[in-house]
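The values are calculated or read from the model by the stated rules, or taken from the named source; none is laboratory data. Quantities reported herein were computed from a predicted structural model and do not represent experimental measurements. Reconstructed Cβ throughout: ideal geometry from the backbone, glycine too, with neighbour counts over all protein chains shown.
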Amino acid sequence: MSVTRPVPPRLRAFLGLGSNLGDRWAHLRRAVDQLRAGGRAPVVAVSRVYESSPVGGPEDQSHFLNLVVELALGPEPDPHLLLRECHRLEAAAGRVRNVRWGPRTLDVDVLWIDGVVLDEPELTVPHPRWRERRFVMAPLAELAPDLADPRAVAAARGEVEPVGTL
């Protein structure tokens, strides 16, 4: 006789990662490796890496490298715990916050968590500008075409170019 245990449902969470200071590839690779090693929320998939012009902030910034990571969360996700993980990754990359939308070694944003709508001063889910930015929508379309279909990607602002994988 075999016993089948029900598998708890998994919810998708998507994080957007970007870097335009220092060794951009290394910052992204290290952050994804740390997410994979953390084990709290398994990494399901990682998009290709895209290069994009900066949006907002100082005019003389370097181009960004961006990607999206899909995580599998348990049935009762804690968005604030996920935000703390984002801040931990940024701190590990030496991120300094002194200019809004300024250059940064690593930027990690919570883009989406299945079934979660949150609007608080420190965290808004879904991310308030996720559908406006092609550097989010293009990599997200690879992992979640239900959230970022071709029309939504085309409607987003900015230019992106796929430049490789981690």
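So the values come out like this:
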{"item": "Members of the range 106-126 that are part of a loop (DSSP other than H, G, I, E, B) and buried (at least 21 other Cβ atoms within 10 Å of the Cβ)", "result": "Leu106"}
{"item": "Criterion: out of contact with any strand residue (DSSP E or B) (no Cβ under 7 Å at 6 or more places or on another chain), among the acidic types (Asp, Glu) and either surrounded by fewer than 21 Cβ atoms within 10 Å (Cβ to Cβ) or closer than 21 Å to Val55 by Cα (or both) - qualifying residue of Glu76, Glu90", "result": "Glu76"}
{"item": "Pairs where the first residue, in the range 64-92, is modelled with pLDDT of 95 or more and the second is exposed (fewer than 14 other Cβ atoms within 10 Å of the Cβ) and not in a helix (DSSP H, G or I), C-beta under 6 Å, 6+ apart", "result": "Ala72/Pro42"}
{"item": "Residues located in the range 24-40, provided they are of a type outside the set (S, T, N, Q) and under 13 Å from Arg88 (Cβ atoms)", "result": "Arg30, Ala31, Leu35, Ala37, Gly38, Arg40"}
{"item": "Residue list for the range 135-166, restricted to those being touching a residue at least 24 places away in the same chain (Cβ under 8 Å) and within 21 Å of Cys86 (Cβ to Cβ)", "result": "Phe135, Val136, Ala138, Pro139, Leu140, Glu142, Leu143, Ala144, Leu147, Leu166"}
{"item": "Any hit, the range 116-136, residues being closer than 19 Å to Arg29 by Cα and modelled with pLDDT of 95 or more", "result": "yes"}
{"item": "Selected residue (criterion: nearest to Leu11 (Cα to Cα)) from residues of the range 45-62 that are loosely packed, with under 15 Cβ neighbours inside 10 Å and in contact (Cβ under 8 Å) with a residue 24 or more places away in the chain", "result": "Ala45"}
{"item": "Flag if Asp33 is outside any loop (DSSP other than H, G, I, E, B), without any contact (Cβ under 8 Å) to a residue 40 or more places away in the chain and acidic (Asp, Glu)", "result": "yes"}
